[in-house]
1. Search segment 57-73 for residues being touching a residue at least 12 places away in the same chain (Cβ under 8 Å) and not acidic (D, E), and hand back the single one that is surrounded by the most Cβ atoms within 10 Å (Cβ to Cβ).
2. Is it the case that P63 is closer than 17 Å to K87 by Cα and either at pLDDT below 80 or in contact with a Pro (Cβ under 6 Å, 6 or more places away or on another chain) (or both)?
3. Listed residues A88, A54, A76, A46; which is surrounded by fewer than 14 Cβ atoms within 10 Å (Cβ to Cβ), out of contact with any Lys or Arg (no Cβ under 9 Å at 6 or more places or on another chain) and in a helix (DSSP H, G or I)?
Amino acid sequence: MAGLPTNGTYTLFEWPAVFFLLPSALACAISGLFSCITIHPLNIAAGAWMITNAFVLLLCEAPFCCPFIEFANTVAAKVDQLRSWQKAVFYCG
């Protein structure tokens, strides 16, 4: 978070974001999995996109959920340096 002192731990403002991010990323991945179970190519592509989106959100915002990925903390540190509007464009775009 920009302008807030941090010592490597989550601040008061980051906990609600993580609290709502984890269930929403999990719901996105599960719905993407169910969307892939079809014969329509666009549904399969949309499901794969939803699963990828859930993985990227977890990787960027909650790297402790991905301890087996070596570069997770590096990616999270770079995402933390972004401004809020840049994160919004990255996540929504």
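1. Selected residue: L58.
2. Taking the combined requirement at face value, the residue satisfies it.
3. Details: A54 fails: surrounded by fewer than 14 Cβ atoms within 10 Å (Cβ to Cβ); A76 fails: surrounded by fewer than 14 Cβ atoms within 10 Å (Cβ to Cβ); A46 fails: surrounded by fewer than 14 Cβ atoms within 10 Å (Cβ to Cβ).
Every option except A88 fails the conditions.
The values are calculated or read from the model by the stated rules, or taken from the named source; none is laboratory data. Computed from a prediction, not measured in an experiment: that's the story for all the values here. Note that each Cβ is placed from the backbone with ideal geometry, even for glycine, and that neighbours are counted across all protein chains shown.
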